[in-house]
Amino acid sequence: MNSTRWLPRFLLLCAGMSLAACSRGFVAKAPAGFAEIPARSELRAVSPDGVTFRVRREANKPAAELPFWKEALKRRMLDAGYGLIAERDIKAGTTPGYLLELTAPMGSEDYLYQVAIFVANRHIVVAESAGEVTRYKTRAEDIAAAIGQMIL
């Protein structure tokens, strides 16, 4: 194959990916089976059965390390009335993070809400997903894979 034909396209693709990463501050893909909803500064996606996935960036204010944000997040969610199912350390690529798995009633259904945080210098990257418990559980592996493949 003649490199002069595909090289400009490849460089353009790389530049486009870099611009998207710069504007968001992270590189993330929708989980398998999810459709991405266009959004400029965050990744939003939804599955056909209504499970949602979102990745966004927030300022690291006050400036603190992951242990501080782990405790702050857990306290905030429990004080808001969410029920704690599990908590664990995770990684997005090589960046360490923290994940909370919570539950809350929503009308006549129980919803599972998962929030993961990663401290990346002056920012915190937040990955959230939610859905009715039985539907969520069928999507949990794909959501975990999407979080693990993020680049911060």
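Applying both filters, DSSP loop and at most 13 other Cβ atoms within 10 Å, to the trypsin sites (Lys or Arg not before Pro) of the stretch 103-152 gives ARG122. Kindly identify the stretch 25-148 as rounded, prolate or oblate by the Cα gyration tensor criterion: order the square roots of the eigenvalues as a ≥ b ≥ c, call it rounded if a/c is under 1.5, otherwise compare a/b with b/c, prolate if a/b is larger, else oblate. Oblate, because a/c is 1.5 or more while a/b does not exceed b/c.
Sorting VAL126, VAL133, VAL46, VAL51 by the number of Cβ atoms found within 10 Å of their own Cβ, with the fewest placed first, yields VAL133, VAL46, VAL126, VAL51. Our note on the geometry: Cα centres of the stretch 41-104 and the stretch 107-129, 3 Å apart.
Each reported figure results from applying straightforward, stated rules to the coordinates on display, with no laboratory input. The model shown is predicted, which means the values in this text are computed figures rather than measured ones. Every residue, glycine as well, gets a Cβ built from its backbone with ideal geometry; the counts of neighbours run over all protein chains shown.
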